[in-house]
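Novice: First the structure, which I've put down as structure tokens, then a few questions once you've had a look.
Read the figures in this text as sums done on the coordinates, not as results from a lab. Remember, it's a predicted structure, so these values are computed and weren't measured experimentally. Every residue, glycine as well, gets a Cβ built from its backbone with ideal geometry; the counts of neighbours run over all protein chains shown.
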Amino acid sequence: MTRRATLSQVALAWLLRRASNILLIPGTSSVAHLGENLASADLNLPDDAVTALNGIVDSVRKDSVREATTQSAIRAGGRKEKAMTLIQNEASS
């Protein structure tokens, strides 16, 4: 049986599965949304879905670090070459 879930439910279920020490405090604007949020606790995500979501987050995290490193080099008065050196150093660590 396939169960349909909202994007919010998938996100909450993924976060709950990621670690047992995470305390989620989702906002809600209605009783219906509260029920939707609570239902995410009963959503069992397949392992392949969790793996895919983890991969997306890891990719975004790497892009964010690269962007922050570049911006840091630029703010420090560095030129593009300095920024590229910092990015390469970050990638190799």
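Novice: Translational diffusion coefficient, Stokes-Einstein: compute it for the stretch 1-45 using the Kirkwood radius over C-alpha pairs as Rh, at 4 °C and 1.567 mPa s, and state it as an integer in µm² s⁻¹. Could you put the intermediate results ahead of the total?
Specialist: Numbers: Rh = 10.9 Å.
The estimated diffusion coefficient comes to 119 µm²/s.
Novice: What FRET efficiency comes out for Lys62 versus Val31 if R0 is 35 angstrom and r is the Cβ-Cβ distance? Round to the nearest 0.05. Let's see the in-between values first.
Specialist: Working: r = 39 Å, r/R0 = 1.13.
My answer for the efficiency is 0.35.
Novice: Okay, next question. Hey, rough spin-label estimate for Ala19 and Ala49, points 7 angstrom out along Cα→Cβ, what's it come to in nanometres?
Specialist: 2.3
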